1. Where both residues lie in segment 93-227, what percent of DSSP beta bridges are antiparallel, nearest 5?
2. Counting other Cβ atoms within 10 Å, which GluC sites (Glu not before Pro) in segment 123-162 have at most 12 and lie in a DSSP loop?
3. For the chain, build the charge dipole from Cβ charges (+1 Lys, Arg; -1 Asp, Glu) around the Cα centre, then report which of Ala87, Pro255, Ser143 sits farthest towards its positive end.
4. Read through the labelled values (i) 1.04; (ii) 0.98; (iii) 0.93 and report the label of the one computed as Rg/Rh (Cα atoms, Kirkwood Rh) from the structure.
5. Given the DSSP H assignment, sum -39500 (n - 2.57) over each helix run of at least 4 residues in the chain and divide by its residue total; what's the result at 222 nm in deg cm²/dmol, nearest 500?
6. Give me the percent of Cα-Cα pairs in segment 148-231 that sit more than 17 Å apart, rounded to a whole number.
7. Skipping prolines and chain starts, which residues have an amide H placed within reach, meaning under 5 Å, of the one on Ala75, given they are 5 or more residues away or on another chain?
8. Quick one: what do you get for segment 59-133 if you divide its Cα Rg by 2.2 N^0.38 Å?
Amino acid sequence: MKPARLLVVAGSDSGGGAGIQADIRTAAAFGVHAMTAVTAVTAQDTTGIGAIHLVPPRIVREQIERTLGDIGADAIKIGMLGSAATARAVVAALAGQRVPVIVDPVMVSTSGAALADAGAIDVLKAEIFARAALVTPNIPEASRLCGFALETPDDIARAGDMLLTLGPQAVLIKGGHGAGAMLTDTLFTPDAPPRAFTAVRIETRHTHGTGCTLSTAIACGLAQDLSLGEAVARAHAYVQKAIRNAPGLGRGNGPIGNVQG
């Protein structure tokens, strides 16, 4: 039996904790064939990002068109885009595609490096979110997209509703940047009450790549014909397991573990 196929559009992490490297590792854990369109090459380790080189938009577009034209995909995950030109190239390359698109709106690294310029964020909001099956911002990303701080459950609910007006079929606001002993990811859809996915917060500095891993694990679930709720629940549990099994690498925010789905 042929495996489900996932195309990942994202940046490369030289430290192997996040980005394309985490996406491929996650897809492999779920038995999904991963293809990639690399948008940027970063020089980074667990302590931060030293340099970013954006791949020319025409190369990003050709990577997408060649993989989809030959192998095809059952789902597409979009991560770091970097620039408005790259974002527009992705929009053009995905024209006519009908598979689920999961968008992780990567904007700033854990160390504070900018991973998307203002123009890229504008294209995300105006053109890419509208074709997404799911958008997965963390709390700082949702705050930047919505223009207000997310400090209370009411703020998160307001942000979820606001992001739905941009056209995605669903929004998952990730709670890892929140406070308290419990971590809650909240799923918003137009026709149902918000659904909470809750876990005990694991106190560790080794959480690099959690956002990439979560969105890719959800994309794998959709590629394998799980419902959205099933895909999110499976991915949420997978990330918690990966955090608990972090190998403890590096002097900074190290990668989460390489575990089976």
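The numbers here are math on the coordinates, done by the rules we state, and not lab data. Since this is a predicted model, take the numbers as computed values, not measurements. Ideal geometry is used to build each Cβ from the backbone, glycine not excepted, and the neighbour counts take in all protein chains shown.
1. Working: 11 of 15 bridges.
Restricted to segment 93-227, the bridges split so that about 75 percent are antiparallel.
2. For GluC sites (Glu not before Pro) across segment 123-162 that sit outside H, G, I, E and B with at most 12 neighbouring Cβ atoms in 10 Å, the list reads Glu151.
3. Pro255
4. (iii)
5. Values: 8 runs with 92 residues, N = 261.
Calculated from helices alone, the mean residue ellipticity at 222 nm is -11000 deg cm²/dmol.
6. Details: 1840 of 3486 pairs.
So the portion of pairs separated by more than 17 Å is 53 percent.
7. Arg5, Leu7
8. On the way: Rg = 12.4 Å, N = 75, 2.2 N^0.38 = 11.3 Å.
Against the compact-globule rule of thumb, the ratio is 1.09.
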